[in-house]
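The values are calculated or read from the model by the stated rules, or taken from the named source; none is laboratory data. This one's a predicted model, so the numbers in the text were calculated from it and none came from an experiment. For neighbour counting, all protein chains shown are included, and Cβ atoms are generated from backbone atoms with ideal geometry for every residue, glycine included.
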Amino acid sequence: MEFTLTRSNIAVLGCVLSLLSCLATSTWRTETPPRCAFEPAQTLGPWQLLEHGELQASELAILRASDHWRVGYQHPQTRQVVVVTLIAGAAGPLASHLPETCYARQEYSSHSDAVVWKFPETSDSFRFQTLHPRDVDQPALTIAYGWHDGTRWSAPRSPRFQFAGSRTLQRMLVTMRHPGGLTTEARQVLQQVLELTVNKPHQPSQLRSARAAIPPSTQK
């Protein structure tokens, strides 16, 4: 049976496609916003929970974050402090806004080349970078971060393309301030904290009580 595509047919087809697009958009908007996959632990090996913190509202808006938490841990012997942040939200913004770029706009002038570190016994991986302060009297900042798409933690070179098919993501960021000459030690510390965080049995996400702000000296 021969079918001739007329202007009327094209108009009807356009209306159908528009309707399907509207239905898909409506379904996406009514989906339950993603929550953080787990709650912060009270202890990570020797590390003790120090304080809870919050991201700024403007930052949450840019990232389109639907849930997040930020906590600081301190080692009882070395007194070192690390800050762990987990964000859940739309894949596009979380994959597009890289932490080192955001930090560079503030108090840091440059950052080292990224180094990808893989867990010894799994396929999980995170990206490490050290940021150097504009004021040489201030400490450096080493960061480690990765994304979880529902299968594993990874730190691709081009996250926007890698996660193009994902609707939502979880992004974990671990940071530590330290003297400029202790970058290697800082990376070792962050590796330990990441292993303890990712491999630790976690309780499902639940309602959290009000949090106190992390002091400015440990917040980033």
*How many residues are over 13 Å from Trp117 (Cβ atoms), within 16 Å of the chain's Cα centre (by Cα) and assigned to a strand (DSSP E or B) if we restrict to the range 173-204?*
3
_Restricting to the range 123-135, name every residue that is without any contact (Cβ under 8 Å) to a residue 40 or more places away in the chain, not in a strand (DSSP E or B) and not small (Gly, Ala, Ser)._
Arg134, Asp135
*Quick check, is Leu86 assigned to a helix (DSSP H, G or I), crowded, with 20+ Cβ neighbours inside 10 Å and among the aliphatic types (A, V, I, L, M)?*
no
*asked:* Quick test of your reading of the structure: Glu39 fulfils all but one of (1) in a strand (DSSP E or B); (2) of a type in the set (D, E, K, R); (3) in contact with a His (Cβ under 9 Å, 6 or more places away or on another chain). Name the failing condition by number.
replied: (1)
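Within the range 40-51, work out how many residues are out of contact with any Phe, Trp or Tyr (no Cβ under 7 Å at 6 or more places or on another chain) and on the phi < 0 side of the Ramachandran plot. Outline the logic, then answer.
Of all residues in the range 40-51, those out of contact with any Phe, Trp or Tyr (no Cβ under 7 Å at 6 or more places or on another chain) come to 41-43, 45-46, 51.
Remaining after also requiring on the phi < 0 side of the Ramachandran plot: 41-43, 46, 51.
Going through the range 40-51 one residue at a time, the tally reaches 5.
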_Restricting to the range 149-163, count the residues that are of a type outside the set (D, E, K, R), touching a residue at least 24 places away in the same chain (Cβ under 8 Å) and surrounded by fewer than 18 Cβ atoms within 10 Å (Cβ to Cβ)._
1
*Consider Ser112 against the criteria (1) at pLDDT 90 or above; (2) closer than 21 Å to Thr184 by Cα: it satisfies all of them except one. Which criterion is unmet?*
(1)
*If only one of Arg167, Arg171 is at pLDDT 90 or above, buried (at least 20 other Cβ atoms within 10 Å of the Cβ) and not polar (S, T, N, Q), which one is it?*
Arg171
*Kindly establish whether Pro120 is in a loop (DSSP other than H, G, I, E, B), surrounded by fewer than 20 Cβ atoms within 10 Å (Cβ to Cβ) and touching a helix residue (DSSP H, G or I) at 6+ places or on another chain (Cβ under 7 Å).*
no
*Among the residues of the range 129-164, write down those that are modelled with pLDDT of 95 or more and among the aromatic types (Phe, Trp, Tyr).*
Tyr145, Trp147, Trp153
_Tell me whether the range 97-112 contains one or more residues that are free of Cβ contacts under 8 Å to residues at least 60 places away in the same chain, surrounded by fewer than 19 Cβ atoms within 10 Å (Cβ to Cβ), of a type in the set (Lys, Arg) and touching a Ser or Thr at 6+ places or on another chain (Cβ under 7 Å)._
no
